[in-house]
Every structure is written in structure tokens, then in C-alpha cells.
Amino acid sequence: QETLVGKYGEGTKLIYELQDQGGELLALRYDLTVPFARYLAMNKITSMTRYHVAKVYRRDNPATTRGRYREFYQCDFDIAGQFDPMIPDAECLKIVHEILSDLQLGDFLIKVNDRRILNGVFAICGVPESKFIPACSTVDKLDKVPWEEVRSEMVGEKGLSPEAADRIGEYVQLHGGLELIEQLLQDPKLSQNKLAKEGLGEMKLLFEYLTLFGITGKISFDLSLARGLDYYTGVIFEAVLLQQEKQHVEEPVSVGSVAGGGRYDGLVGMFDPKGRKVPCVGVSIGIERIFSILEQRLEASGEKLRTTETQVLVATPQKHLLAARLKLISELWDAGIKAEMLYKKDPKLLKQLQYCEDTGIPLAAIVGEQELADGVVKLRDIATRKEVRM
């Protein structure tokens, strides 16, 4: 449990905690990033590029229609190591862009910001440092609720002054590209802040690399992006699917974020007894969320999806031929062919062919008494009903 607690900010209350019989305090992992950081520290690894697909657990209120579950798969991609600024970060964004394009999920936007820019904004707006993280998690809600609500939470719950909240509002509602970065670098107050200036300088660099990768069309520098987790230290990003124009779907799919990530330079050091740091940047793809969209698409299109990869069904037309089927299927399996048969001693031929139609198996290999006598197999193409003896 102590591996997980204290790394997620407000997310901590969503960690599943358990006690084993010995009374040891245990917990289920909340993401794949913290375990990765712990792994690097324990094995003294200072440089690594890896991806990882696995389950994570959150004690959340599930909303299955929106692809929000308590147990779900994530796919993480991370680059750990001491490298020059923004080169690995740009690659992570390139990967998200590639995945979302290849899956043809429709129009998407990758929002990018930097924790240092955000903290700089809070600082020049008069927010005390102790309130940076609470303010962050409130700003993060801007994509779901209007500014008025975010402002009242800042003032009412997080204890910021109304003036500070209004000043923050002027910044966090901005979004754009290189020209906005240039504009903020000229901002008299913001450019005086060391953190913000550093963040903006690197953001400019990032956009130059993204231009070279040819993906800036889908990327927006968005000052409202905060990401609720405590461990981010620099650039942060989140990919959202944009609402499709209603295409004969009663209920448009609103799934929000399908990928997110950022730079977490301090996390590995938290697990290292000597506090040795390994800078890291990574991205997490919400597999389950993407699946729920793909499933809804499929349903709307009325297409049938094959649920098996079986290439051929071994079938018999008469009774007492189970032995022939077992011998033939064994040969096919040994040859690396994906074959199936019905688990019945004497199935009817029609039933076997119907099974092929239902599951989309393209071929049936039929052995009857005549075929056995002639030493042949009859291969039937299910779709065209053509047959050849071989």
C-alpha cells in the first residue's frame, strides 16, 4: 500500500485497499506508472523504453456506457533516462497520434500543457504554493464544467481569493499553438516567473519537433489542462475524441479522454533509497474506453464481427465417423492450421455447416464413408458452396 499512497493526490481515495490474512496493508495498483517507477528504482535501471499492457483498478463509480470501469486495461508507453529536452516527449505524442489515427476513431485532439507553466500562472495570480495542487485538480475540471463552476469551487472549497481566481481565469481559458506560446513568452508578468519561462521555452521546442513530425494539426497548447495526478513535473498531455456529428446514433458517445500522460521526473527517486532520480515521460492509452467506442460503432453499422480465427471446420456427413474427424483435425493442428470440430459424436451435417455460417468459418473439410474409401477429403467453401476433392 505504501508504494501507491502519496503519489496520486486526489486519486488516492480511489485506490482499492485490502488487508491480507497477516494484517499486511495491501492495495491494488491504480495505474502502471508508479509500479514502473518502483521497478526502475529497485533494479537500478537508468535508461529504458518500454510498453506494458495490463489491468489497473479504481474504486470509482462505474459508468459502463462511457467506458468507465473499476477494473480495466491500460497500455502504457514510457521513455526513462537522461535525454535532451522534449525529444522523447515529442515521440510520446507522435505515438498517441499514430494510434488514434490508425484506429480510425474519428476526429481527435491532443491537448498539451506543462505543470511549470500552470504553477507559474498560479504564482503570478497570487496563489500560495501550498494550494497549487488543489488548484490544479480544480482547473482540470474545465473540460467538463463551465468556468463559473470552476471559479466557485476555487473560492468556496479550495479557499482562493476571488481576485486570484479571476486572474487565473484569464489564463486558463487560453488555447492555441506556437503563436500563443510566443504571446505568453512576451507576457510581462508570466515571463518574469522562472518556472513558467522554463516551461514555455520547452513548450516552444516541443512544438518545433511536433511540426517536424507533421502532427501539429491535431495538437493544442491548452492552459486549462492540469491532469489530476501529483507526480507530473513538466509537460502533460491528454487526448480527447471530438464529438462526431450525430450519425444515426440516438445517444452520441461521450467518452472524454482516451489517452493521457506527461513527464514525471521525481517519481523514480521516491523509491530509491539514495533518492537517485531518473527522468521519465510516458503515455497511457485507455484500451477499454477505445473498445467501448469501437463496439458502439460496430453496433451502429450493423456489421458482423468474427469472434474466432478458425480457418476450417472438420465435419462428417454420417454417423460413427468421430475417429476420422479426430485423425484429420490432429493432422491439421500439427500443420499449424486453425481447425475446429463440434464436440459431438454424431452431429448432423446441416448443423455443422450452419455452425460455420454463424461463426464465419470460411471452410469445411468433410470426410464421409465415400471420401475415406477414396482416400480424399472434400473441401467446401461455405460462402460459395463450391466443393473440391483433394
Inset, instruction - Step through the residues of the range 271-284 one at a time and calculate ³J(HN,Hα) from phi using the Karplus curve (6.51 cos²θ - 1.76 cosθ + 1.60, θ = phi - 60°), rounding each to whole Hz and writing x for Gly and Pro. - result: 9, 8, x, 9, x, 5, 9, 10, x, 9, 9, x, 9, 10
Legend entry - Sites residue 338 and residue 42 - FRET efficiency at Förster radius 41 Å, r taken between beta-carbons, to 0.05: 0.50
Inset, instruction - Please list 333, 147 in order of solvent-accessible area, largest first, computed with a 1.4 Å probe with all protein chains present. - result: 333, 147
Inset, instruction - Mind ranking 83-89, 264-270 by how tightly packed they are, going by the mean number of other C-beta atoms within 10 angstrom, highest first? - result: 264-270, 83-89
Legend entry - Listed residues 133, 117 arranged by accessible area, highest first, probe 1.4 Å: 133, 117
Legend entry - Three-way shape call for the range 312-389 based on the alpha-carbon gyration tensor, with the a/c threshold at 1.5: rounded
Legend entry - Sites residue 350 and residue 50 - FRET efficiency at Förster radius 45 Å, r taken between beta-carbons, to 0.05: 0.30
Inset, instruction - Might you work out the accessible area of residue 208 for me, using a 1.4 Å probe with all protein chains in place, and round it to the nearest 10 Å²? - result: 80 Å²
Inset, instruction - Can you list which of the GluC sites (Glu not before Pro) found in the range 307-370 are DSSP loop residues with at most 16 other C-beta atoms within 10 Å? - result: 309
Inset, instruction - Run the accessible area of the chain with a 1.4 Å probe and give the carbon-and-sulfur part as a rounded percent. - result: 53 percent
Inset, instruction - Rank-order 13-20, 92-99 by packing density, defined as the average count of other C-beta atoms within 10 Å over each peptide's residues, highest first. - result: 92-99, 13-20
Legend entry - Loop-located trypsin sites (Lys or Arg not before Pro) in the range 126-212 whose Cβ has at most 10 other Cβ within 10 Å (DSSP): 144
Legend entry - Solvent-accessible heavy-atom area per residue, rounded to whole Å², over the chain at 1.4 Å: 54 Å²
Inset, instruction - Could you compute the FRET efficiency for residue 372 and residue 60, with r as their C-beta to C-beta distance and R0 at 51 Å, rounded to 0.05? - result: 0.30
Legend entry - For the chain, alpha-carbon Rg over 2.2 N^0.38 Å: 1.32
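The values are calculated or read from the model by the stated rules, or taken from the named source; none is laboratory data. Worth saying up front: this structure is predicted, and the values here are computed from it rather than measured. Backbone-built Cβ (ideal geometry, glycine too); neighbour counts: all protein chains shown. Side chains included, ligands, DNA and RNA excluded: accessible areas come from the protein's heavy atoms. Shrake-Rupley method; radii C 1.70, N 1.55, O 1.52, S 1.80 Å.
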